[in-house]
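A short write-up of the structure that comes next.
Bear in mind that the values in this text are calculations on the coordinates, not laboratory data. Computed from a predicted structure; not experimentally measured. When we count neighbours, we look across all protein chains shown, and the Cβ atoms used for this are built from the backbone with ideal geometry, even at glycine.
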Amino acid sequence: MLIDTHIHLDAAEFDADRPQLIEGARRAGVGGFVVPAVDRSSFDAVAALASAHEDICFALGIHPLYVMQAREADLEQLDVRLGEGRAVAVGEIGLDHFVADVDHARQLEFFVAQLRLAKRHDLPVILHVRRAIDPILKQLRRIGVKGGIAHAFNGSRQQAQMFIDLGFKLGFGGAMTYSGSTRIRELAATLPLEAIVLETDAPDIPPEWAQGRRNEPANLARYAEILAALRGVDVAEVIAITGRNALDVLGWRR
């Protein structure tokens, strides 16, 4: 099954044509969508999407770029909502050391708190890891969560192996489609396929053929073709294995 393990279907960019985009992705072969929240205000929206569509599941968390607006009460509400047992993961959580004007100490505080919630509720995590892989790995080793997905992985082979050893899958998507992304494409071609999941991050991270435009979930089908070409295998194998990887790491049963 072709599964988009990271797509913000609740984003305002999709308000005008969300049903058509979802249906278009299904026609392209996408059989499942994982929609992570980014802040407390999006908890209801992502949960509602999953309630309305059996091929959509959701994660709940506070994104590192939203922590400046977050409050301690948001973590308390996250704890309550995770206790309902509907979310498949805690996410999108993590650290972002690329954006300069965000309080990194506050990011770390919220990240650690959410890792502890994931451990308490025995849930995997969906990680935002931009320019912050080593400090994220440090906290994962310290707290010990139930694996998850390192979204939009852009690290080294050594860092990839560290995530794999901790029970994580690595998310590959739009960046892999650029011919100039040699390091990412090399990792996509040579890491164990059992460690890889596919994602769009739509409406963000558009592929090479849609630069400057909104990314859309139907693009995932071409991502699978590109990954298959990079690895020299049949696209059916890529779809089957990456789909199984996603279901296994998230504990999602379709």
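Worth pointing out:
- Charge dipole (Cα centre; +1 on Lys/Arg Cβ, -1 on Asp/Glu Cβ; no other charges) of the chain amounts to roughly 680 debye.
- Given charges at beta-carbon only (K, R positive; D, E negative), |dipole| of the range 10-91 in Debye: 180
- Pair Asp55, Arg244: separation of 7 Å Cα→Cβ label points (nm): 2.1
- Distance in nm between pseudo-label sites at Glu109 and Glu194 (7 Å out along the Cβ direction from Cα): 4.2
- If you model the range 1-101 as an ellipsoid using its alpha carbon gyration tensor, with each semi-axis the square root of five times an eigenvalue, the axes come out at 25, 16, 12 Å, biggest first.
- About its Cα centre, the dipole of the range 99-142 is roughly 220 debye, where the only charges are +1 on Lys and Arg Cβ and -1 on Asp and Glu Cβ.
- Restricted to Cα atoms, the range 106-254 shows a radius of gyration and a Dmax of 15.3, 45 angstrom.
- When peptides 244-251, 199-206, 210-217 are sorted by average Cβ neighbour count within 10 Å, with the highest value leading, the order is 199-206, 244-251, 210-217.
- Tail fraction, Cα-Cα pairs, the range 39-196, threshold 26 Å, whole percent: 27
- Taking all pairs of distinct alpha-carbon atoms in the range 42-91, Kirkwood radius in angstrom: 11.4
- Using a Förster distance of 51 Å, the FRET efficiency for Glu208-Asp79 (Cβ separation, nearest 0.05): 0.80
- The range 116-190 - percent relative contact order, Cα under 8 Å, separation 6 or more: 27
- Scattering profile of the range 108-167 at q = 0.23 Å⁻¹ [log10 I(q)/I(0), Debye over alpha-carbon scatterers]: -0.93
- Backbone HN-Hα couplings from phi across the range 203-208 [Karplus 6.51/-1.76/1.60, Hz, Gly and Pro as x]: x, 8, 6, x, x, 4
- Among Phe172, Ile205, Val30 the positive-end extreme of the charge dipole of the chain (Cβ point charges): Phe172
- Alpha-carbon centroids, the range 8-53 and the range 218-254: separation in whole Å: 19
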